[in-house]
Amino acid sequence: MENWRKHPLVFWAFSLPPSFWLVCFFLVPLTLVWGYSFSEKRGIIDTELTFTLDNYLRALEPIYLQILWKSLLLAGAATLICLLVGYPVAFAIAFASERAKPWLLLLVILPFWINILIRTYALIAVFRSRGYVNFAYEDLWNLANWLLALIGLGELNLLGERFVPMNLLYNNVAVVAGIVYAFFPFMVLPLYANIEKLDRAYLEASLDLGAGHWRTFRSVVFPLTWQGALSGIVIVFIPALGAFFIPDLLGGTDSQMIGNVIERQFKSANDWPFGAALSFLLMYATFFALALRALVAGRRGAGALDA
């Protein structure tokens, strides 16, 4: 801080450009959208700022609360799967050899090199009726039928007369799978950062004292890496809650999320005030999640200092 006071010109030279960018391209557009949330629609494209709360009250109608509740469930399920799968993956990377570790991290971040929309379209080729999953399932079905015929049970048609592909696309399961596929690296990276700093002597001491692997994870590993898990949960859950193109491409009519409702208000319905109100309700929820994370982190940190 003293160095900045001695050279104020350097401080302003470095701080003004990003501040200008933040104000012009983040705060100003955000303020405009916030103003739209208190406006009324006066025509096809006209709106008037009346400081009304009708848009927020409309968002509390049962139909929108039901969609919001479904969005919370789908985003929560995807976040939980990312957490359960992310811990073993992060552990495998952290405990890998120094030569293999960069390559494993590269595999985690490699999907970022491809546009997320293209990756979501690729999942359609994987999950559709004539997709790769059903191709593998059909091969297994034919193999099982051949084995049954080999032992003389082929005429019983235990597996059915013909192959029936699994319905993997245009449902809630496909939406959750798409969210997990899109945001899984955001869970692995903060977990890896915390596990990498973990003192392995604690693990060895726990195992030497007779604790099993699950007891060691529950009593030693998780308390020392919970901040990475909490960061991953926030980073995955917030964008998953507002996702709209994943349920639009992979989900059916019963798999629409709140992000799809917001997208339709700004495009097809042309109701910007209501779309802005829904957007800011999600933003308020985001601020609440971040504040809750800071509160939990502060209490855990204070407890650790008291101990």
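The values are calculated or read from the model by the stated rules, or taken from the named source; none is laboratory data. Note that the structure is predicted; figures quoted are calculated from it, not measured. Methodologically, a virtual Cβ is constructed for each residue, glycine included, from the backbone with ideal geometry; neighbour enumeration extends over all protein chains shown. Heads up: the accessible areas ignore ligands, DNA and RNA and are worked out on the full protein's heavy atoms, side chains in. Shrake-Rupley method; radii C 1.70, N 1.55, O 1.52, S 1.80 Å.
Based on protein heavy atoms only, the chain ends up with 63 Å² per residue of surface accessible to a 1.4 Å probe.
Restricting the calculation to Cα atoms, the chain shows an Rg/Rh of 1.07 when the hydrodynamic-style radius is the Kirkwood one.
Each residue of the stretch 108-154 gets 76 Å³ once the volume of the Cα convex hull is shared out per residue.
With all pairs of different C-alpha atoms in the average, the Kirkwood value for the hydrodynamic radius of the stretch 173-307 is 17.7 Å. When each of the peptides 96-107, 235-246, 258-269, 37-48 is scored by the mean number of other C-beta atoms lying within 10 Å of its residues, the order from highest to lowest reads 235-246, 258-269, 37-48, 96-107. Within the stretch 1-159, the percentage of alpha carbon pairs spaced more than 29 angstrom apart rounds to 65%.
Where only DSSP H runs of four or more residues are counted, the chain gives -23000 deg cm²/dmol as its mean residue ellipticity at 222 nm, each run worth -39500 (n - 2.57).
The mean sequence separation of alpha-carbon pairs under 8 Å and at least six residues apart, normalised by the residue count of the chain, gives a relative contact order of 26 percent. Distance from the C-alpha centroid of the stretch 98-169 to that of the stretch 242-276: 30 Å, rounded to the whole angstrom. All alpha carbon pair distances within the stretch 101-260 were sorted into 5 Å bins beginning at 0; the resulting P(r) in whole percents reads 1, 8, 12, 12, 12, 12, 11, 11, 10, 8, 4, 1, 0.
What the pair-distance distribution of the stretch 3-95 shows, using all Cα-Cα distances binned every 10 Å from zero, is 12, 17, 20, 23, 21, 6, 0 percent. Of the accessible area of the chain, computed with a 1.4 Å probe over protein heavy atoms only, carbon and sulfur atoms account for 69 percent.
In this structure, the amide hydrogen of T47, modeled 1.01 Å from its nitrogen in the peptide plane, lies closer than 5 angstrom to those of R42, counting only residues at least 5 positions away or on a different chain.
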